[in-house]
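This report refers to the structure that appears directly beneath it.
The values are calculated or read from the model by the stated rules, or taken from the named source; none is laboratory data. Note that the structure is a prediction, hence the values are computed from the model and not measured. We place every Cβ from the backbone using ideal geometry, glycine too, and count neighbours over all the protein chains shown.
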Amino acid sequence: MKNAVATKYVEVRELECRGAVDPAEPEPVQGSLLVGTTPVLEFEDYARAPSYGYDAVDIFPAFHNGERCWLRRDSWQAAHGYSASGTSEYILS
């Protein structure tokens, strides 16, 4: 296989969640979830509330219950003068 890249996967048992202002309690994963340690895509998402901040988004390769999928991790970056924070994670199939 030409240009193959080895990916290390780790087991994730809880998905991070966030509330309106601060982090919320994590949600347990249903079944097994293996997530790559290196994101394949990174971008900034200003769609939610651009005057208050943005999400720094990372997309990771993953396997949920043996099926190929992706994990999206949104980390809130508050704008100047705001203090909200938190990370949310979603399984994308």
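Observations on the structure shown:
- Test: Arg18 is in contact (Cβ under 8 Å) with a residue 60 or more places away in the chain and basic (Lys, Arg): yes
- Odd one out for Ala62, checked against (1) over 30 Å from Gly81 (Cβ atoms); (2) among the small types (Gly, Ala, Ser); (3) surrounded by fewer than 13 Cβ atoms within 10 Å (Cβ to Cβ): (3)
- Test: residue in segment 65-75 that is assigned to a strand (DSSP E or B), exposed (fewer than 14 other Cβ atoms within 10 Å of the Cβ) and within 14 Å of the chain's Cα centre (by Cα): no
- Matching residues, segment 21-33, being in contact (Cβ under 8 Å) with a residue 40 or more places away in the chain and in contact with a Phe, Trp or Tyr (Cβ under 9 Å, 6 or more places away or on another chain): Leu33
- Filtered residues of segment 76-93 (kept if among the hydroxyl-bearing types (Ser, Thr, Tyr) and in a loop (DSSP other than H, G, I, E, B)): Tyr82, Ser83, Ser85, Ser93
- Within segment 61-85, residues that are touching a residue at least 60 places away in the same chain (Cβ under 8 Å) and of a type in the set (Ser, Thr, Tyr) sit with their Cβ atoms under 6 Å from residues that are assigned to a strand (DSSP E or B) and surrounded by 15 or more Cβ atoms within 10 Å (Cβ to Cβ), at 6+ positions apart or across chains, in these pairs: Ser85/Trp76.
Let's see how each residue does on (1) modelled with pLDDT under 95; (2) within 13 Å of Val10 (Cα to Cα):
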position: Gly36; (1), (2): no, yes
position: Glu42; (1), (2): no, no
position: Asp55; (1), (2): yes, no
position: Asp58; (1), (2): no, no
position: Arg72; (1), (2): no, no
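- Here is the figure for segment 1-54: residues that are within 28 Å of His80 (Cα to Cα) and in a loop (DSSP other than H, G, I, E, B) total 12.
Residue by residue, here is whether (1) loosely packed, with under 14 Cβ neighbours inside 10 Å; (2) more than 14 Å from Phe60 (Cβ to Cβ) holds:
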| site | (1), (2) |
| --- | --- |
| Ala6 | yes, yes |
| Val12 | no, no |
| Arg18 | no, yes |
| Pro23 | no, yes |
| Glu27 | yes, yes |
| Gln30 | yes, yes |
| Gly36 | no, no |
| Glu42 | yes, no |
